[in-house]
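So the structure is just underneath, and the comments pick up after that.
Any read-out appearing in this document is the output of simple, stated calculations on the displayed coordinates, not a laboratory observation. None of these values were measured; they are calculated from a predicted model. Positions of Cβ are backbone-derived with ideal geometry, glycine not excepted, and every protein chain shown enters the neighbour counts.
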Amino acid sequence: MRGLTPFQTLGPFFDFGLVIPSGEIIADAAAAGRRITVEGCIRDSAANPLPDALIEVWQADASGKYRSPADTHSTTADAAFNGFGRVATDDKGTFLFRTVMPGRVPGPDGRLQAPHMAVGVLARGILTRLITRLYFEDESSNGEDAVLSLVPASRRGTLLAKRIGADAYRFDIVLQGAGETVFFDV
Amino acid sequence: MIYRKPPEGTHPPNDSPGYKSTALRHPKEPLVVIPQTLTELTGPAFPYGRIETSDSDLTRQHEGEPQGERIIVQGRILDDGGRPIPKTLVEIWQANAAGRYTHRVDQHEAPLDPNFSGAGRTLTDAEGRYTFTTIRPGAYPWRNHDNAWRPAHIHFSLFGTSFLSRLITQMYFPGDPLMPFDPIFNSIPDEKARQRLIAGFDLQVTKPEWALGFTFDIVLRGPDATPMEK
């Protein structure tokens with residue numbers, strides 16, 4: 001066993017190194033599925049927006065297939081679908097991703113999970129990456145999701161993106177205090 | 001297949017009072033323990049774009065040579081089972097020799113270098129090796145506490161084999177007198193883990209008449225057992 005390399009903060013001055021062209025596009029226009037946008041704002045415990053955060057997301061394509069060599073569960077991922085998104089917040093702490101509604105993927109009990117995205121949060125003042133998940137408030141399968149059911153009911157709402165338009169969702173992240181987003185130990 | 005949990009003390013707690021910016025930015029509620037599912041056990045194989053050779057030589061990204069001490073930083077990306085991770089993206093970013101970042105918000109009164117941007121990326125080879133040529137970054141002041149200075153460091157970003165192996169870290173230089181005073185470096189509870197962030201000076205990597213060499217191996221979370229053959 002080799003000792004793991006520890007995490008360190010992203011620091012404030014990362015954008016020239018980590019911001020990628022079209023990083024907000026998780027699925028190309030040609031990708032199959034219902035096109036959606038996911039926007040949000042990230043705030044600290046004083047409700048200050050974070051102008052220096054990096055949000056990374058990872059999701060399955062519309063058929064529930066990950067574009068990853070480690071996904072052996074189905075045949076091929078949609079070639080127009082990437083699955084990874086990375087966006088730095090703007091001066092108002094906001095971010096936006098363009099993607100397709102993720103399909104359902106197998107869960108720990110063999111039953112399908114509700115559509116979701118894995119979210120990693122990095123910023124100055126965050127030493128070790130924070131991990132959460134984004135679910136969609138209008139998905140009927142949320143009630144049977146094995147991961148969501150582990151979250152205390154009173155806090156589950158922090159993981160549900162609100163539908164703010166026909167194909168637009170809003171997912172705000174609160175790092176601390178009232179309405180604090182649920183973060184995971186995986 | 002399950003990824004091992006990081007041993008206690010390896011990663012810094014997000015509530016680290018010595019590093020002031022953590023005060024309003026760390027969750028106070030306990031983390032919710034969840035199982036590892038296909039979502040976490042997969043990850044982007046190659047997140048974006050083409051990689052040019054100049055992407056891994058930060059001294060060759062402009063017309064002229066950057067100021068400062070030329071260095072070579074090389075190493076291997078492994079998982080905690082000792083398996084090399086081939087074809088994985090390694091991204092770095094850093095300050096220039098004067099301790100200044102090419103970032104609009106960096107107000108440190110030190111010169112920018114028109115011949116140095118300070119960002120690089122590369123893919124590991126079949127044995128998990130990577131190499132960058134760059135400039136030794138300078139120390140710089142920050143406002144965390146009175147007379148606070150960051151030790152010289154290079155930021156690293158790694159993907160590895162899944163969402164769980166993702167790592168953002170910083171590489172430090174051996175013998176830097178600022179390390180004992182740095183709350184970010186010292187936020188790592190385990191002394192041995194902390195020492196893993198210090199690159200080794202390496203005469204084998206040093207190129208005569210050209211550049212000092214440093215070795216920095218990086219170990220990412222990996223699966224607990226070799227996956228069963230299908």
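Using Cβ contacts closer than 10 Å as the measure, can you line up B:Asp113, A:Asp28 from fewest to most?
On the way: B:Asp113 21, A:Asp28 15.
So the residues, fewest neighbours to most, are A:Asp28, B:Asp113.
If you take each beta carbon of peptide B:186-193 and count the beta carbons of other chains within 10 angstrom, what is the mean?
Numbers: counts 0, 6, 5, 1, 3, 0, 1, 5.
Rounded to a whole number, the mean comes out at 3.
Pick from B:Thr133, B:Thr59, B:Thr37 the residue whose mean-square fluctuation is largest in a GNM of chain B, springs joining Cα atoms under 10 Å.
Answer for the Gaussian network model of chain B: B:Thr37.
Mind checking A:96-108 for the average number of partner chain beta-carbons within 10 Å of each residue's beta-carbon?
Values: counts 0, 0, 0, 0, 0, 0, 1, 0, 0, 4, 3, 4, 5.
What the average comes to for A:96-108 is 1.
Let me know the shape class of segment B:1-143, please: from the alpha-carbon gyration tensor, a ≥ b ≥ c as square roots of the eigenvalues, rounded when a/c is under 1.5, otherwise prolate if a/b is greater than b/c, or oblate.
Values: a/c = 2.40, a/b = 1.27, b/c = 1.89.
It is oblate, given that a/c is not under 1.5 and a/b is not larger than b/c.
Separation of segment B:149-172 and segment A:20-94 by C-alpha centroid, Å?
Cα centroid to Cα centroid, the span is 21 Å.
Quick check on segment B:1-54: take the gyration tensor over C-alpha atoms, sort the square-rooted eigenvalues as a ≥ b ≥ c, and tell me if it's rounded (a/c under 1.5), prolate or oblate.
Numbers: a/c = 2.42, a/b = 1.35, b/c = 1.79.
It is oblate, given that a/c is not under 1.5 and a/b is not larger than b/c.
List A:Val174, A:Val57 from most exposed to least, where exposure is judged by having the fewest other Cβ atoms within 10 Å. Display every interim value, and only then the final one.
Numbers: A:Val174 17, A:Val57 24.
Sorted ascending by nearby Cβ count, the order is A:Val174, A:Val57.
In segment B:61-94, what trypsin sites (Lys or Arg not before Pro) fall in a loop by DSSP, with at most 16 other Cβ atoms inside 10 Å?
Numbers: sites: B:Arg70, B:Arg76, B:Lys87; in loops: B:Lys87.
When the trypsin sites (Lys or Arg not before Pro) of segment B:61-94 are filtered for loop state and at most 16 Cβ neighbours within 10 Å, B:Lys87 remain.
Out of B:Gly175, B:Gly200, B:Gly99, any idea which swings most in a Gaussian network model of chain B, alpha carbons joined below 10 Å?
Looking only at B:Gly175, B:Gly200, B:Gly99, the biggest GNM fluctuation is shown by B:Gly175.
Counting alpha carbon pairs within less than 8 Å and at least 6 residues apart, what relative contact order, in whole percent, applies to segment B:50-220? Don't jump to the answer; show the numbers that get you there.
Details: 390 pairs, mean separation 46.7, N = 171.
27 percent.
If you keep only loop residues by DSSP, which trypsin sites (Lys or Arg not before Pro) in segment B:102-172 have at most 14 other Cβ atoms within 10 Å of their Cβ? Don't skip to the end; give the middle numbers.
On the way: sites: B:Arg104, B:Arg121, B:Arg129, B:Arg143, B:Arg166; in loops: B:Arg104, B:Arg143, B:Arg166.
Filter output for segment B:102-172: B:Arg104, B:Arg143.
Tell me the net charge near A:Leu127. Cut-off is 13 Å between Cβ atoms, A:Leu127 excluded, with +1 for each Lys or Arg and -1 for each Asp or Glu. If you can, show how the numbers build up before the last one.
On the way: positive: A:Arg124, A:Arg129, B:Lys20, B:Arg25, B:Arg194; negative: B:Asp15, B:Asp182.
Residues near A:Leu127 contribute +3 overall.
Which order do B:Ser54, B:Ser117 fall in if you start with the one that has the fewest other Cβ atoms within 10 Å?
Values: B:Ser54 12, B:Ser117 19.
Ranking B:Ser54, B:Ser117 by Cβ neighbours within 10 Å, fewest first, gives B:Ser54, B:Ser117.
With a ≥ b ≥ c taken as the square roots of the eigenvalues of the C-alpha gyration tensor of chain A, please select rounded if a/c is under 1.5 and otherwise prolate if a/b is larger than b/c or oblate if it is not? The partial results should precede the final answer.
On the way: a/c = 1.33, a/b = 1.24, b/c = 1.07.
Cα axes put chain A in the rounded bin.
Where Lys and Arg each count +1 and Asp and Glu each count -1, what net charge lies around B:Ile198 among other residues with Cβ under 15 Å from its Cβ? Present the calculation step by step, with values, prior to reporting the outcome.
Numbers: positive: B:Arg136, B:Arg150, B:Lys192, B:Arg194, B:Arg196; negative: B:Asp176, B:Asp182, B:Asp190, B:Glu191, B:Asp202, B:Asp217.
Once positives and negatives cancel, what remains is -1.
Send over the per residue convex hull volume for the protein assembly as shown, Cα only, as a whole number of Å³. Before the final figure, lay out the partial values.
On the way: hull volume 59.9 nm³, N = 416.
Dividing the Cα hull volume of the protein assembly as shown by its residue count gives 144 Å³.
Using Stokes-Einstein with the Kirkwood hydrodynamic radius over Cα pairs, what translational diffusion coefficient do you get for segment B:50-220 at 20 °C and a viscosity of 1.002 mPa s, in µm²/s rounded to a whole number?
Details: Rh = 16.7 Å.
Translational diffusion coefficient: 129 µm²/s.
Taking every residue in A:36-44, how many Cβ atoms of other protein chains lie within 10 Å of its Cβ, on average? Each step should come with its number before you reach the end.
Numbers: counts 0, 0, 0, 0, 0, 0, 1, 2, 5.
That works out to 1 on average.
So what is the 222 nm mean residue ellipticity for chain A from helices alone, if each DSSP H run of at least 4 adds -39500 (n - 2.57) and you divide by all residues, rounding to the nearest 500 deg cm²/dmol?
Values: 2 runs with 8 residues, N = 186.
Estimated from H runs of four or more residues: -500 deg cm²/dmol.
Rank B:Ala139, B:Ala23, B:Ala199 by mean-square fluctuation in a GNM of chain B with C-alpha springs under 10 angstrom and give only the top-ranked residue.
Taking springs between Cα atoms under 10 Å, the residue moving most is B:Ala23.
How much of the DSSP beta bridge set in the protein assembly as shown is antiparallel, as a percent to the nearest 5?
Numbers: 61 of 80 bridges.
Within the protein assembly as shown, antiparallel bridges account for around 75 percent of the total.
Using only the alpha carbons, work out the radius of gyration and Dmax of segment A:86-182 in angstrom.
According to the Cα coordinates of segment A:86-182, Rg and Dmax are 13.9, 42 Å.
To the nearest 500 deg cm²/dmol, what mean residue ellipticity at 222 nm is calculated for chain B from DSSP H runs of n ≥ 4 alone, each contributing -39,500 (n - 2.57), summed and divided by the residues?
Helices in chain B give a 222 nm mean residue ellipticity of -500 deg cm²/dmol.
What does the net charge come to around A:Gly157 if you take all other residues with beta carbon closer than 15 Å to its beta carbon, with K and R at +1 and D and E at -1? Don't skip to the end; give the middle numbers.
On the way: positive: A:Arg133, A:Arg155, A:Arg156, A:Lys162, A:Arg163, A:Arg170; negative: A:Glu137, A:Asp138, A:Glu139, A:Asp145, A:Asp172, A:Glu180, B:Glu29.
With Lys, Arg at +1 and Asp, Glu at -1, the net is -1.
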